[in-house]
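Input: a single structure, listed below in structure tokens.
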Amino acid sequence: MDAYALLFASTLSAGTVLALAALGLLINERAGVINLGAEGMMLCAALAGFAATVHTGSTWIGFLAGMGAGALLAAIFGVLVIWLNTNQSATGLALSLFGAGFSAFAGLNYVQAKLPESPKYDIPFLADLPVVGPALFRLHPLVYGTIIIAVLLVYFLYRTRAGLILRSVGESPESAHALGYNVRMIRLGAVMAGGALCGLAGAYVSTVYTPLWVEGMVAGRGWIALALTTFATWRPARILLGAYLFGGVTMLQFHLQATGVHIASQLLSMLPYVATIVVLVLISRNPAWIRANMPASLGKPFYPGS
């Protein structure tokens with residue numbers, strides 16, 4: 001029973017990475033901007049968060065550094081695609097490649113670095129409960145914080161005027177511009193907010209989830225987060241559920257190995273990516289359903305003078 005409790009806790013922790021990144025990408029895409037550079041932003045943020053934690057001894061400062069790195073790279077991407085009208089897909093891919101190369105080069109001196117010992121975050125009394133305690137009440141605060149972020153994002157998008165404006169920019173930027181809203185600045189703000197969440201996800205990977213730095217340690221999670229955003233049809237609550245589903249598939253490989261299941265480790269390592277491909281194939285079978293939920297101006301440039 002303890003093994004299943006630990007599997008559930010590990011699923012929540014693994015899903016947190018995907019949920020944070022996908023929620024950030026959701027904000028981008030709700031504003032009409034698609035950013036394929038999530039992988040690169042997460043890698044740079046993972047390095048920034050790890051380095052800041054090594055030098056300060058504070059994981060929370062590492063989180064802030066990761067968010068700052070993600071927001072900075074997203075701002076550069078935003079200027080290119082929003083003001084200079086470069087192709088969003090090509091620019092995002094370039095950002096992803098840049099992030100992978102830059103983080104590998106800049107992180108050479110941190111490969112052998114060690115983080116300070118992480119404190120335990122057990123919730124008093126609740127953490128001692130049998131089964132439920134290890135499964136739910138011994139997790140890092142950011143795991144719970146991610147759920148709160150998703151709830152707040154639901155409220156922001158569907159219950160506030162600012163959220164309505166953001167969605168209108170993603171649906172019809174021309175109409176929003178005609179009503180006097182600065183579409184470019186709104187899109188830039190959304191892109192930077194999304195980049196900050198992707199950066200937080202990257203910093204969480206290197207400081208909490210896998211507390212070390214190695215080249216390419218994000219291991220495709222940025223791409224999975226992109227697929228998850230479409231899989232969840234741009235809904236924060238569905239993103240949360242989908243992230244835990246993918247997180248469960250990721251951790252299942254380790255659980256099967258620990259229980260002595262005789263399957264090649266290479267096949268088990270393929271599980272998260274196979275699941276991603278299967279999901280993309282399934283949702284691609286009904287393109288009308290995707291178009292009905294997708295922001296109408298997603299990926300389309302906006303020209304204020306037209």
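The values are calculated or read from the model by the stated rules, or taken from the named source; none is laboratory data. Quick caveat: nothing in here was measured; it's all calculated off a predicted structure. Glycine also receives a Cβ, built like all others from the backbone with ideal geometry; neighbour counts cover every protein chain displayed. Just so you know, the surface numbers come from the protein's heavy atoms only, side chains and all, with ligands and any DNA or RNA stripped out. Shrake-Rupley method; radii C 1.70, N 1.55, O 1.52, S 1.80 Å.
Annotation: W60 fulfils all but one of (1) touching a residue at least 12 places away in the same chain (Cβ under 8 Å); (2) open to solvent by 70 Å² or more (accessible area, probe 1.4 Å); (3) part of a helix (DSSP H, G or I); the unmet one is (1).
The set of residues from the stretch 99-117 being open to solvent by 70 Å² or more (accessible area, probe 1.4 Å) and at pLDDT below 90 comprises Q112, E117. Take A219 and tell me if it is within 30 Å of N182 (Cβ to Cβ) and at pLDDT 80 or above. Judged against the criteria, A219 is not a match. Note on the stretch 197-226: residues that are among the hydrophobic types (A, V, I, L, M, F, W, C), open to solvent by 40 Å² or more (accessible area, probe 1.4 Å), touching a residue at least 40 places away in the same chain (Cβ under 8 Å) and assigned to a loop (DSSP other than H, G, I, E, B) amount to 2. Can T229 be described as open to solvent by less than 20 Å² (accessible area, probe 1.4 Å), farther than 21 Å from S10 by Cα and either among the charged types (D, E, K, R) or not in a helix (DSSP H, G or I) (or both)? So T229 does not fit the description; no. Number of residues in the stretch 107-138 that are within 27 Å of G40 (Cα to Cα), aliphatic (A, V, I, L, M) and in contact with a helix residue (DSSP H, G or I) (Cβ under 6 Å, 6 or more places away or on another chain) equals 2. When V131, V54, V154 are screened for being open to solvent by less than 70 Å² (accessible area, probe 1.4 Å), over 15 Å from A201 (Cβ atoms) and at pLDDT below 95, only V131 passes.
In the stretch 175-196 there is no residue matching the filter, namely being closer than 22 Å to I61 by Cα, part of a helix (DSSP H, G or I) and of a type in the set (S, T, Y). Residue under question is Y121, and the condition is that it be free of Cβ contacts under 8 Å to residues at least 60 places away in the same chain, surrounded by 13 or more Cβ atoms within 10 Å (Cβ to Cβ) and on the phi < 0 side of the Ramachandran plot; does it hold? Taking the combined requirement at face value, the residue satisfies it. Residue-level check: of (1) open to solvent by less than 10 Å² (accessible area, probe 1.4 Å); (2) at pLDDT 80 or above; (3) in contact with a Phe, Trp or Tyr (Cβ under 9 Å, 6 or more places away or on another chain); (4) not aromatic (F, W, Y), L268 misses just (2).
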